[in-house]
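The structure under discussion appears below in the form of structure tokens.
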Amino acid sequence: MSTTTIRMPETLREKVREAAERAGITPHGFILQAIAEKAESETLRHAFHEAANQRYAGIVASGETIQWEHMKLYLEQRLEGQNTEQPRARKWVP
């Protein structure tokens, strides 16, 4: 395992110490957990943006979308427990 030095203001160091104490772990463990959570969050955010970009590219390539009015009605019906057919994507003409 490698070692990394982290310089932080004394006020942040104290907050970390207090938070770690409340969590019942060491400040070192708290910092490791915080870094792991942030890294996982960034991984998920990146995957989300990649999926969004791919879907948008598909929309641009096909020119097909679902009108908001149709999707909104579908979602409202689903929320009410109705078994309704999902609207189909169609070419959009402005």
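Overview of values
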item	result
Residue among ILE35, ILE31, ILE25 that is under 23 Å from THR3 (Cα atoms) and touching a residue at least 24 places away in the same chain (Cβ under 8 Å)	ILE31
Yes/no for ILE31 being hydrophobic (A, V, I, L, M, F, W, C), modelled with pLDDT of 95 or more, surrounded by 12 or more Cβ atoms within 10 Å (Cβ to Cβ) and more than 26 Å from the chain's Cα centre (by Cα)	no
Given (1) closer than 30 Å to ALA19 by Cα; (2) surrounded by 11 or more Cβ atoms within 10 Å (Cβ to Cβ), number of the condition TYR74 does not satisfy	(1)
Long-range neighbours under 9 Å by Cβ, at least six apart or interchain, first residue over 18 Å from ILE59 (Cβ atoms) within the range 69-93, second basic (Lys, Arg) and part of a helix (DSSP H, G or I)	THR84/ARG78
Some residue of the range 78-88 being of a type outside the set (A, V, I, L, M, F, W, C), loosely packed, with under 10 Cβ neighbours inside 10 Å and at positive phi	yes
Counted residues, the range 6-28 - those being loosely packed, with under 10 Cβ neighbours inside 10 Å and either under 26 Å from the mean Cα position of the chain (by Cα) or at pLDDT below 95 (or both)	1
Count of the range 63-93 residues which are in contact with a strand residue (DSSP E or B) (Cβ under 8 Å, 6 or more places away or on another chain) and either charged (D, E, K, R) or assigned to a helix (DSSP H, G or I) (or both)	3
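The values are calculated or read from the model by the stated rules, or taken from the named source; none is laboratory data. What you are looking at is a predicted structure, and each value in this text was computed from that prediction instead of being measured. Backbone-built Cβ (ideal geometry, glycine too); neighbour counts: all protein chains shown.
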